[in-house]
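Following: one structure in structure tokens, then a few remarks.
The values are calculated or read from the model by the stated rules, or taken from the named source; none is laboratory data. Quantities reported herein were computed from a predicted structural model and do not represent experimental measurements. Methodologically, a virtual Cβ is constructed for each residue, glycine included, from the backbone with ideal geometry; neighbour enumeration extends over all protein chains shown.
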Amino acid sequence: MLITIVVIGAMALSLSIWAYTKGVHIAGFKSALKMGLSISPIMFFTFIIIGMVSSIDLSSGIQKTFGNDSGISGIAIASLAGMLTPGGTFVALSVGGTLIKSGAGISPVVAYMVAYSTWDLTRTPFEIGFMGWKYVLVKWCCILILPIIGGLIAKLLFSWVNF
């Protein structure tokens, strides 16, 4: 975690200095503050959910449903959960982290994250509006199997990984 903080901090500092040389640093900080204030409630409630879920021992249910021995059903259920996850990256990563900490296997977690990244239903209405239903139909035909394949590859190549 410390390395991530240092790298992101260095990037922020570097970009701030660059923006300062261009005279746009104030606009950049205002934009950052606006984004931070708009996303803070989502992050706050997400962390409450994660805290409550982690304090309630769900590990036996998660291990049964998403454990290393859950097979294709664990991958499929995780894929559906990824597709239905609302709220953006913070929510999805928090759910993925909670799955890992609660004993989920590598293949369902990979399937969950791939599904979240590719099957995002909350984005679909916008895609239809901007790009048309034909594009969305073609895209879904192309990506439908990706979370399952990702989960199976993870199981095949990385089943030895324990969290």
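Any residue at all in the range 130-137 that is more than 17 Å from the chain's Cα centre (by Cα), loosely packed, with under 13 Cβ neighbours inside 10 Å and under 24 Å from S40 (Cα atoms)?
no
Can we say A111 is touching a residue at least 60 places away in the same chain (Cβ under 8 Å) and either assigned by TED's automatic domain parsing to the domain that holds G150 or touching a Cys at 6+ places or on another chain (Cβ under 6 Å) (or both)?
The answer is no for A111.
Among (1) under 30 Å from W160 (Cα atoms); (2) modelled with pLDDT under 90; (3) assigned to a helix (DSSP H, G or I), where does G36 come up short?
(1)
Kindly indicate whether any position in the range 83-90 is touching a helix residue (DSSP H, G or I) at 6+ places or on another chain (Cβ under 7 Å), in a helix (DSSP H, G or I), among the β-branched types (V, I, T) and assigned by TED's automatic domain parsing to the domain that holds L152.
no
For the range 101-129, enumerate the residues that are basic (K, R) and either under 15 Å from G82 (Cβ atoms) or surrounded by 19 or more Cβ atoms within 10 Å (Cβ to Cβ) (or both).
R123
Against the definition (surrounded by 10 or more Cβ atoms within 10 Å (Cβ to Cβ) and either more than 24 Å from S107 (Cα to Cα) or acidic (D, E) (or both)), how does A27 come out, yes or no?
The answer is yes for A27.
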